[in-house]
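Below is one structure; the comments refer to it alone.
Rule-based calculations on the coordinates, nothing more; no lab input. Here the structure is a predicted model, which is why all the values come from computation and not from measurement. Here Cβ is always computed from backbone atoms with ideal geometry, including for glycine, and neighbour counts include all displayed protein chains.
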Amino acid sequence: MTAYHVLTQTQATEVYEDNQAAIFLAADPKFHGRAKHIDIQYHFSRDAQARKIIKVIKCSTVSIVADSMTKLMSSCIMRTLHIWKQQLIFLCQMSIC
């Protein structure tokens with residue numbers, strides 16, 4: 001017989017978000033007039049945050065590396081991401097040696 005391991009969550013999972021409106025919508029249980037077109041079934045993040053399953057954290061757009069694949073970015077942001085990439089490659093090479 002196979003043994004199953006049950007994992008329990010001891011603290012909220014951190015969700016990093018750069019959209020201020022999405023953070024307010026997830027945190028505020030009040031009805032928002034501008035968000036009335038959003039079906040209530042899609043507000044599961046609000047419920048998860050209220051039950052301390054997730055914690056929505058504001059971060060800058062530069063910190064979200066996936067945005068470089070989906071959005072037009074300034075050359076300054078692209079240079080910053082390139083520097084981070086080079087540093088990560090260097091750190092990975094150092095740990096192999």
Sorted by Cβ density within 10 Å, fewest first, the residues Cys76, Cys59: Cys76, Cys59
Among Thr80, Thr61, Thr70, Thr2, rank each residue by its count of other Cβ atoms within 10 Å, from fewest to most, as a rough exposure measure. Thr2, Thr70, Thr61, Thr80
In what order do Thr13, Thr8 fall by count of nearby beta-carbon atoms within 10 Å, going from fewest to most? Thr8, Thr13
Interchain or long-range residues, amide H under 5 Å from Val15's placed H: Lys55, Val56, Ile57
